[in-house]
Amino acid sequence: MERRKALKNMGMAMGLTLATPTVISILQSCQQEAGTAWTPVFFSEGEGAVLVKLVDIILPKTDTPAASELQVHAFIDSYMEA
């Protein structure tokens, strides 16, 4: 029997079990500033407004944030500009 290895693995499993909720709560507590104004760089103003609505149709708000709350539209705009 390899008791040391078994005890080591049990200790690591217990540590991960206890650390996971803490890490998740820290990540969920990170919030961006509300009402951040976004000005499109690649798209025109009208196309930017359509893009915001489009990403919200694809990923609407449920128990998770909407795509526009996660700034997906700004990412797409910066990706297209690069």
**Item:** Filtered residue count, the stretch 1-24, keeping only those that are open to solvent by 100 Å² or more (accessible area, probe 1.4 Å) and in a helix (DSSP H, G or I)
**Value:** 10
**Message:** Looking at the stretch 41-61 only, could you name the residues that are over 14 Å from residue 75 (Cα atoms) and open to solvent by 90 Å² or more (accessible area, probe 1.4 Å)?
**Reply:** 45, 47, 50, 53, 57, 58, 59, 61
**Message:** Please go through (1) open to solvent by less than 100 Å² (accessible area, probe 1.4 Å); (2) among the aliphatic types (A, V, I, L, M); (3) modelled with pLDDT of 90 or more; (4) outside any loop (DSSP other than H, G, I, E, B) for residue 66 and return the number of the only condition it doesn't satisfy.
**Reply:** (4)
**Prompt:** Within the set of pairs 6 or more residues apart or between chains, which connect a residue that is over 21 Å from residue 28 (Cα atoms) inside the stretch 53-67 to a residue that is of a type in the set (Ser, Thr, Tyr) and open to solvent by less than 70 Å² (accessible area, probe 1.4 Å) with Cβ atoms less than 7 Å apart?
**Reply:** 55/68
**Item:** Failed item in (1) open to solvent by 100 Å² or more (accessible area, probe 1.4 Å); (2) modelled with pLDDT under 90, with residue 35 passing the rest
**Value:** (1)
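The values are calculated or read from the model by the stated rules, or taken from the named source; none is laboratory data. Note that the coordinates shown come from a computational prediction; the quantities given were computed from them, not determined experimentally. Positions of Cβ are backbone-derived with ideal geometry, glycine not excepted, and every protein chain shown enters the neighbour counts. For accessibility, only protein heavy atoms count, side chains too; no ligands or nucleic acids. Shrake-Rupley method; radii C 1.70, N 1.55, O 1.52, S 1.80 Å.
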